[in-house]
Amino acid sequence: MFNIYVNIISRYHATVFAIAIFTMNIFTVVCANSGLAWAGASESEHGYGNTVQYSPNGDILASGHSSTVMISDAYTHENIQTLNVDFFVESVSFSNDARYLLVGMESILPDTPATVVFELNNNQYERRMHTEDGINVNEISVSHDDSTFATVTEDGNIIEWEINNGTGSSLNINRQYSSLHSGEITCLDHSTDGVHLLSGGQDGKIILWDRENRSLVDDWDNGSPVNDCKFSNDGTKISWIGGGSLIMRNNDLTHSYYGQSQHYAVYSQSQMCSRQHH
């Protein structure tokens, strides 16, 4: 048998340590999200951060801070480049070869840039062209061949834009989908074979689109708002999450049910530490 003595030490309600003393051994337990070690941080002087995205090979990290995008080295955490855009940054996305960086913004004024495309040139991203349709561009999906990207328009439809072709500073429309969602579209994703586009919305609908003729292939009702939706990397599965459930279907001719995970509320780090403290 052994005696356990737990001493809870709290200073300014910020850092909590639990020291458990066992016979012949002393263990220090620290509240943390996981056992993963600290990897470092990049500091920005541009204020509020809202979105982050790794490049496909993981070498660089793009993060949105107010109306700037900070490009950082993922290993040294050094700031490589700072990009200034027109409005508050809502989303960032790389093309699959990282040649292009797309920045979605909170474009609240008419006929102003909504999504800006930057192109990599001599290891620096340079501004190219932009779209002018969209209010809060918080969802961007790049096609697998990097020729187009999809965003939601101001009237709630979906447009695929040509990533590097346009007139003047405005990008050309490649194709447009008349939305079958009755509310905000919350997620977009291209299939890896380039055949389909997936969309999910606040109305609980998941829609699988045929990209060639912009028509409905299949749809499902989640029963609660959809928070995110994705194709698997190998293209064989469709997944979405919303209302505490993660749903998976086969991405084949049947679109049959593949599985479901039910998730329940769990305590956060601060809640767990608070419970220990009290």
Task: Within the stretch 137-165, tally of residues that are buried (at least 18 other Cβ atoms within 10 Å of the Cβ) and either of a type outside the set (Asp, Glu) or not in a strand (DSSP E or B) (or both) - done: 17
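Could you please let me know if Gly201 is of a type in the set (Gly, Ala, Ser), buried (at least 22 other Cβ atoms within 10 Å of the Cβ) and in contact with a Gly (Cβ under 8 Å, 6 or more places away or on another chain)?
Working: of a type in the set (Gly, Ala, Ser): yes; buried (at least 22 other Cβ atoms within 10 Å of the Cβ): yes; in contact with a Gly (Cβ under 8 Å, 6 or more places away or on another chain): yes.
In short, yes.
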Open item on the list: Looking at Gly243, Gly204, Gly200, can you tell me which residue is modelled with pLDDT under 95 and either of a type outside the set (D, E, K, R) or within 20 Å of Thr148 (Cβ to Cβ) (or both)?
Closed with: Gly243
TODO: May I ask you to say which residue of Leu171, Leu180 is surrounded by fewer than 17 Cβ atoms within 10 Å (Cβ to Cβ), farther than 21 Å from Ser256 by Cα, in contact with a Lys or Arg (Cβ under 9 Å, 6 or more places away or on another chain) and not acidic (Asp, Glu)?
DONE: Leu180
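The values are calculated or read from the model by the stated rules, or taken from the named source; none is laboratory data. All figures in this text were calculated on a predicted structure; none of them were measured in a lab. Neighbour counts are summed over all protein chains in view; Cβ atoms, including those assigned to glycine, are modelled from backbone coordinates with ideal geometry.
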